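Data first, discussion second: the structure below is written as structure tokens.
The values are calculated or read from the model by the stated rules, or taken from the named source; none is laboratory data. Note that the structure is a prediction, hence the values are computed from the model and not measured. Heads up, the Cβs are rebuilt from the backbone with ideal geometry, glycines too, and the neighbour counts pull from every protein chain shown. Please note that ligands, DNA and RNA were not included when accessible areas were found on the heavy atoms of the full protein model with its side chains. Shrake-Rupley method; radii C 1.70, N 1.55, O 1.52, S 1.80 Å.
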Amino acid sequence: MESLVQLTETALPPSLFHRLSRRVGALKGERLRHTYQTTFWYAFGPPQNVVEEVIHTLRPSVAKGRKIAGVEWWLSRMRATDVRVDFHQDRDERLALSTGKLVHPKRSSVLFLNRVRGGALAVTRELPSAANPSLAPDRLEDLTLVAPRPNRLVVFDGTLTHGVLDADNQVPDGKLPGPSRERRTLVMNWWDHRPTDVPTWSETRYYRALSS
């Protein structure tokens, strides 16, 4: 089966990766319940924090001559025993909610910060289905799965459906018992225009521990 993703191991220089991991760890519980709603825009100016340094470093390999105006980024922090995100397509979220119009980024990407049990990223061409747990597509035969591994980068087309599997690498259908490590990733969507009402990091007071 054809892979839907581009994988890069050791995507960042080790020193930069370890600095990113330490800074994300230093956030502790800040906005943990709103991790998916805390998004920022970076238009490739001088980096103001470690994440913008990471994007600047990854830009040549991910953009690859594409017309990319900037990156919308956020941190995904959750446990694979309690997955908090459904299968979805990345989109201009505020535009979709206000008008119903679907506009997707050019490329989607995930940088894994640690290793956990299960918690694979699942990517597919099939559309999400409201009839299934976690909005999983009806057909799961063509899933491309990527296991979380430190400093592993996965890049895929911005129109593709994707989601996170649980600690048993099954479609999430409720909370699982037992302890698990926090699954940490940096999510970056590469756009040809700035998505609606997404602030820059410097325009907010969030995540000051990421400062360069």
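Tabulated data for the structure shown
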| read-out | value |
| --- | --- |
| All positions within region 165-175 that are buried (at least 21 other Cβ atoms within 10 Å of the Cβ) and either in contact with a strand residue (DSSP E or B) (Cβ under 6 Å, 6 or more places away or on another chain) or more than 29 Å from L7 (Cβ to Cβ) (or both) | L165 |
| Answer residue from region 176-192, given it is open to solvent by 10 Å² or more (accessible area, probe 1.4 Å) and in contact with an Asp or Glu (Cβ under 9 Å, 6 or more places away or on another chain) and is farthest from L27 (Cα to Cα) among those | L176 |
| Residues that are touching a residue at least 12 places away in the same chain (Cβ under 8 Å) and open to solvent by 60 Å² or more (accessible area, probe 1.4 Å), drawn from region 99-132 | L102, K106, R115, R117, R125, L127 |
| Residue match in region 15-30 (condition: open to solvent by 90 Å² or more (accessible area, probe 1.4 Å) and modelled with pLDDT under 95) | no |
| Subset of region 133-155 (residues that are over 23 Å from L111 (Cβ atoms), crowded, with 18+ Cβ neighbours inside 10 Å and free of Cβ contacts under 8 Å to residues at least 24 places away in the same chain) | none |
| Output for region 57-92, where each listed residue is in a loop (DSSP other than H, G, I, E, B), of a type in the set (V, I, T) and more than 27 Å from D166 (Cα to Cα) | I68 |
| Residues that are within 25 Å of D157 (Cβ to Cβ) and either open to solvent by 60 Å² or more (accessible area, probe 1.4 Å) or in a loop (DSSP other than H, G, I, E, B) (or both), drawn from region 37-56 | Q37, T38, T39, A43, F44, H56 |
| Failed condition for A80, given (1) of a type in the set (A, V, I, L, M, F, W, C); (2) under 21 Å from F17 (Cα atoms); (3) in contact with a strand residue (DSSP E or B) (Cβ under 7 Å, 6 or more places away or on another chain); (4) surrounded by 16 or more Cβ atoms within 10 Å (Cβ to Cβ) | (2) |
| Residues satisfying the stated conditions in region 194-209, i.e. over 14 Å from V51 (Cβ atoms) and assigned to a helix (DSSP H, G or I) | E203 |
| Among the residues listed as L16, L4, the single one being in contact with an Asp or Glu (Cβ under 8 Å, 6 or more places away or on another chain) and not in a helix (DSSP H, G or I) | L4 |
| Qualifying position, being of a type in the set (V, I, T) and within 16 Å of the chain's Cα centre (by Cα), among V155, V171 | V155 |
| Those residues of region 83-97 which are in contact (Cβ under 8 Å) with a residue 24 or more places away in the chain and either surrounded by fewer than 19 Cβ atoms within 10 Å (Cβ to Cβ) or among the small types (G, A, S) (or both), in sequence order | R84, V85, D86, H88, Q89, E93, R94, L95 |
| T159 vs. criteria of a type in the set (S, T, Y) and buried (at least 20 other Cβ atoms within 10 Å of the Cβ) | no |
